[in-house]
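Each remark here refers to the structure printed beneath this line.
The values are calculated or read from the model by the stated rules, or taken from the named source; none is laboratory data. All values reported here derive from a predicted model rather than from experimental measurement. Reconstructed Cβ throughout: ideal geometry from the backbone, glycine too, with neighbour counts over all protein chains shown.
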Amino acid sequence: KEHRIYNFNAGPAALPLPVLEEIQENFLNFAGSGMSITEISHRSKWFDAVIEDAIARTRRLLKLDDRFHVLFLQGGASLQFCMIPMNLLPEGKAADYVNTGTWSTKAIKEVKIQGKTVNVVASSEDRDFAYIPKNIPFNPDAAYVHITSNNTIKGTQWAEFPETGSVPIMADMSSDMMSRPFDPNPFGVIYAGAQKNIGPAGVCMVIIREDMLARVPQNLPTMLKYTTFSEKNSMFNTPPCFAVYTLQLVMKWLEETVGGLDKMAAINEKKAGMLYDFMDRSEFYRGTADTDSRSRMNVTFRLPSEALEQKFIQEATQAGFGGLKGHRSVGGCRASIYNATGIDAVSALVDFMKTFEKRNG
Ligand code: PMP
């Protein structure tokens with residue numbers, strides 16, 4: 001424990017310490033099986049209990065009714081960029097996409113590759129994706145609306161989800177899944193690569209509403225059809241067992257230790273507030289996102305010069321703070337403060353930032 005650093009990685013990212021300890025404790029003999037979770041059959045009673053519990057906890061945490069299927073797929077969030085239009089955008093229809101950064105851009109590209117029609121109904125590219133667009137002219141006859149709920153690289157987040165009438169929303173929640181409560185009912189698909197907020201790399205949580213499954217064309221490759229997985233409870237083939245198990249423990253931690261998503265959201269609000277309030281009072285650090293679009297998960301900021309940014313990251317690393325370098329495509333600094341990064345870590349970071357400013361400001 002004493003070797004662990006303050007982890008501000010963007011993903012894969014920090015996991016709750018009690019989860020890691022539980023994995024360690026049970027690693028050689030899982031649930032009395034005499035085997036490790038990495039050695040047992042996915043068709044065993046032991047793994048069945050794991051996946052069922054992961055699904056049940058996800059349903060309770062997000063208040064999902066029976067219409068929603070909780071699936072565990074591979075291929076990351078990136079495969080969902082492709083599977084959503086492939087399965088859910090019928091020929092002759094068009095989809096609305098909001099472009100709020102790198103990940104939205106990649107999602108849009110996958111629709112075009114399939115030769116389907118995408119309407120980019122709003123974009124914040126004009127100001128380097130520093131904000132979430134407002135008053136968006138959605139098409140009432142669109143097959144769906146696609147958004148990225150939190151923009152990991154640019155540090156912006158939808159404070160509220162858009163009103164789209166009866167058009168279902170497809171949301172990439174990779175970097176803020178389970179960070180706050182929301183009404184799931186307007187969503188056709190909610191998906192999240194687990195490796196930021198809900199588990200390790202290797203599994204993507206996909207929540208799909210029953211009426212979406214009726215859109216799935218028969219003639220798709222088996223492994224690219226949502227129905228393949230919804231009909232077999234994510235076990236058409238071997239699921240990523242270890243990743244699902246870790247995710248199950250994260251859901252248990254959220255329910256039993258944190259006490260649900262309202263509590264989690266309050267903690268996340270507090271952590272983000274500590275950093276933004278400090279930056280707003282400083283002449284030295286400058287947040288890159290517009291105030292009303294700021295992410296509570298990825299706090300992106302600049303220092304007065306690139307040389308100082310380099311020095312900051314170097315000294316922070318030496319002082320035991322990891323992952324503060326901004327994404328390679330944008331530079332600068334980024335503190336990713338997902339669910340598992342505690343108030344203590346953020347408080348220590350603010351203290352470090354203060355000291356660094358005093359010495360270099
Ligand atoms: N969407 C968002 C918002 C992300 O942050 C990321 C990962 N950085 C991805 C999609 C891609 O996820 P994956 O690596 O699981 O394909």
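Descriptive notes on the structure:
- Annotation: residue 159 fulfils all but one of (1) crowded, with 19+ Cβ neighbours inside 10 Å; (2) of a type outside the set (S, T, N, Q); (3) touching a helix residue (DSSP H, G or I) at 6+ places or on another chain (Cβ under 8 Å); the unmet one is (1).
- Remark: pairs (first residue in the stretch 1-22, over 18 Å from residue 316 (Cα atoms) and surrounded by 21 or more Cβ atoms within 10 Å (Cβ to Cβ); second residue modelled with pLDDT of 95 or more and small (Gly, Ala, Ser); Cβ separation under 7 Å; 6+ apart in sequence or on different chains) = 15/340.
- Pairs linking a residue in the stretch 99-122 that is modelled with pLDDT of 95 or more to a residue that is in a helix (DSSP H, G or I) and away from the ligand (no atom under 11 Å from the Cβ), with Cβ atoms under 6 Å and 6 or more positions apart or on different chains, are 111/85; 114/85; 116/85; 118/108; 118/111.
- Candidates 67, 43, 60 - the one that is closer than 28 Å to residue 265 by Cα, out of contact with any helix residue (DSSP H, G or I) (no Cβ under 6 Å at 6 or more places or on another chain) and loosely packed, with under 15 Cβ neighbours inside 10 Å: 60
- The residues in the stretch 59-102 that are more than 12 Å from the ligand (Cβ to nearest atom), of a type in the set (S, T, N, Q) and in a helix (DSSP H, G or I) can be counted, and the count is 1.
Results for (1) under 23 Å from residue 106 (Cα atoms); (2) at pLDDT 95 or above; (3) small (Gly, Ala, Ser), shown as yes or no for each residue.
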position: 168; (1), (2), (3): yes, yes, no
position: 188; (1), (2), (3): yes, yes, yes
position: 194; (1), (2), (3): yes, yes, yes
position: 213; (1), (2), (3): no, yes, no
position: 235; (1), (2), (3): no, yes, no
position: 247; (1), (2), (3): no, yes, no
position: 259; (1), (2), (3): no, yes, yes
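- Any hit, the stretch 108-116, residues being of a type in the set (Gly, Ala, Ser) and buried (at least 17 other Cβ atoms within 10 Å of the Cβ): no
- Near pairs, Cβ below 9 angstrom, 6+ apart or cross-chain, from the stretch 193-210 (in the same structural domain as residue 73 (by TED's automatic domain parsing)) to any residue that is among the acidic types (Asp, Glu): 193/172; 196/176; 197/176; 210/66
- Single unsatisfied condition, residue 199 versus (1) more than 12 Å from the ligand (Cβ to nearest atom); (2) in a loop (DSSP other than H, G, I, E, B): (1)
- Residue ID - farthest from the ligand (Cβ to nearest atom), chosen from residues in the stretch 129-171 that are of a type in the set (Asp, Glu) and over 21 Å from the mean Cα position of the chain (by Cα): 141
- Test: residue in the stretch 174-181 that is away from the ligand (no atom under 16 Å from the Cβ) and either assigned to a loop (DSSP other than H, G, I, E, B) or out of contact with any Asp or Glu (no Cβ under 9 Å at 6 or more places or on another chain) (or both): yes
- For the stretch 12-46, the set of residues classified as of a type outside the set (A, V, I, L, M), assigned to a helix (DSSP H, G or I) and farther than 30 Å from residue 183 by Cα consists of 21, 22, 24, 25, 26, 30, 32, 45, 46, listed by residue number.
- In the stretch 93-123, residue nearest to residue 224 (Cα to Cα) [restricted to those that are basic (Lys, Arg) and out of contact with any helix residue (DSSP H, G or I) (no Cβ under 8 Å at 6 or more places or on another chain)]: 112
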